[in-house]
Amino acid sequence: MNVEPKIIQGGTYEDERGKLSFVNDFDLSDVKRYYIIEHPDTSVIRAWQAHKKEQKWFQVISGSFLVAVVKPDNWEKPSEKLEVKKIILKADKNQVLHIPGNFANGFKALEPNSRMIVFSDFSVEESSKDNFRYDSQMWLDWKNEI
């Protein structure tokens with residue numbers, strides 16, 4: 001099964017009581033944990049972390065992020081010429097980005113104090129056994145993106 005990263009689109013409903021944001025098509029049944037990442041400014045880069053099996057879902061809850069995704073061709077020494085898929089996630093778009101296993105990801109905030117919630121289907125212990133790290137500048141020149 002060849003699963004690719006995809007956006008799960010949410011929506012909003014507004015009436016006299018206020019505004020409700022939702023992502024009804026985001027099935028949380030596989031989620032074991034979540035955490036929130038906040039970047040104080042746009043110079044912080046978190047890249048590249050990868051998992052063969054663990055899948056993650058990303059939702060920006062304030063501000064915006066550039067998220068980049070790469071499919072490693074070799075887990076120990078991947079090619080430096082892999083295709084990078086770039087996605088901009090904004091809090092006001094109410095989207096969840098699903099990144100399945102077999103991908104590396106990285107991201108940076110596009111606005112100061114941007115916050116993103118990350119959901120995972122692995123425990124911390126399981127994740128640590130399925131964790132690969134690569135140099136942050138390997139596939140993308142983050143400083144010249146956006």
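The values are calculated or read from the model by the stated rules, or taken from the named source; none is laboratory data. Bear in mind that the values here come from a model prediction, so they are computed numbers and not experimental data. Note that we place each Cβ from the backbone using ideal geometry, even for glycine, and neighbour counts take in every protein chain shown.
Taking Ala104 as the residue in question, decide whether it is of a type in the set (Gly, Ala, Ser), crowded, with 17+ Cβ neighbours inside 10 Å and farther than 29 Å from Leu20 by Cβ. Outline the logic, then answer.
Working: of a type in the set (Gly, Ala, Ser): yes; crowded, with 17+ Cβ neighbours inside 10 Å: yes; farther than 29 Å from Leu20 by Cβ: yes.
Yes, satisfied.
Give the residue, chosen from Glu83, Glu4, that is acidic (Asp, Glu), touching a residue at least 60 places away in the same chain (Cβ under 8 Å), closer than 20 Å to Trp139 by Cα and assigned to a loop (DSSP other than H, G, I, E, B).
Details: Glu83 fails: touching a residue at least 60 places away in the same chain (Cβ under 8 Å).
On inspection, the qualifying residue turns out to be Glu4.
With Trp57, Trp48 as the choices, which residue is within 19 Å of Lys143 (Cα to Cα) and touching a residue at least 40 places away in the same chain (Cβ under 8 Å)? Reasoning before the result, please.
On the way: Trp57 fails: within 19 Å of Lys143 (Cα to Cα).
None of the other options fit; the residue is Trp48.
Of all residues in the stretch 15-56, count the ones that are of a type outside the set (Val, Ile, Thr), closer than 22 Å to Ser128 by Cβ and part of a strand (DSSP E or B). I'd like the intermediate steps shown before the answer.
Let us first name the residues in the stretch 15-56 that are of a type outside the set (Val, Ile, Thr), namely 15-22, 24-30, 32-35, 38-41, 43, 46-56.
Next cut, closer than 22 Å to Ser128 by Cβ only: 30, 32-35, 46-56.
Imposing the further condition that a residue be part of a strand (DSSP E or B) reduces the set to 33-35, 46-51, 56.
Residues in the stretch 15-56 being of a type outside the set (Val, Ile, Thr), closer than 22 Å to Ser128 by Cβ and part of a strand (DSSP E or B): 10 in total.
Which residue out of Val96, Val60 is touching a helix residue (DSSP H, G or I) at 6+ places or on another chain (Cβ under 8 Å), assigned to a strand (DSSP E or B) and of a type in the set (A, V, I, L, M)? Full working, then the answer.
On the way: Val96 fails: touching a helix residue (DSSP H, G or I) at 6+ places or on another chain (Cβ under 8 Å).
Exactly one of Val96, Val60 is touching a helix residue (DSSP H, G or I) at 6+ places or on another chain (Cβ under 8 Å), assigned to a strand (DSSP E or B) and of a type in the set (A, V, I, L, M), namely Val60.
Where residues in the stretch 1-26 are aliphatic (A, V, I, L, M) and surrounded by 10 or more Cβ atoms within 10 Å (Cβ to Cβ), which of them is nearest to Leu66 (Cα to Cα)?
Taking the stretch 1-26 as the starting set, the residues that turn out to be aliphatic (A, V, I, L, M) are 1, 3, 7-8, 20, 23.
Those left that are additionally surrounded by 10 or more Cβ atoms within 10 Å (Cβ to Cβ): 3, 7-8, 20, 23.
Details: Val3: 21, Ile7: 14, Ile8: 16, Leu20: 25, Val23: 20 Å.
So the residue we want is Ile7.
Please find, within the stretch 107-146, the residue that is surrounded by the fewest Cβ atoms within 10 Å (Cβ to Cβ) out of those that are among the hydroxyl-bearing types (Ser, Thr, Tyr) and not in a strand (DSSP E or B). Even if it seems obvious, please write down each step before you answer.
Going through the stretch 107-146, the residues among the hydroxyl-bearing types (Ser, Thr, Tyr) turn out to be 114, 120, 123, 127-128, 134, 136.
If we keep only those that are not in a strand (DSSP E or B) as well, we get 123, 127-128, 134, 136.
Details: Ser123: 12, Ser127: 18, Ser128: 9, Tyr134: 19, Ser136: 15.
Residue satisfying both the conditions and the ranking: Ser128.
From the list Gly63, Gly18, exactly one residue is on the phi > 0 side of the Ramachandran plot, over 16 Å from the mean Cα position of the chain (by Cα) and among the small types (Gly, Ala, Ser). Which is it? Give the steps one after another, and end with the answer.
Details: Gly63 fails: over 16 Å from the mean Cα position of the chain (by Cα).
Just a single option satisfies the conditions, and that option is Gly18.
Working only within the stretch 27-85, note down all residues that are farther than 16 Å from Lys6 by Cα, in contact with a Leu (Cβ under 8 Å, 6 or more places away or on another chain) and surrounded by 14 or more Cβ atoms within 10 Å (Cβ to Cβ).
Hits for the stretch 27-85 are Thr42, Ala47, Gly63, Ser64, Pro72.
Determine whether the stretch 90-98 contains at least one residue that is polar (S, T, N, Q) and at pLDDT below 95.
First, the residues of the stretch 90-98 that are polar (S, T, N, Q): 94-95.
In the following step, the residues that additionally are at pLDDT below 95 were identified as 94.
Yes: the stretch 90-98 contains one or more residues that are polar (S, T, N, Q) and at pLDDT below 95.
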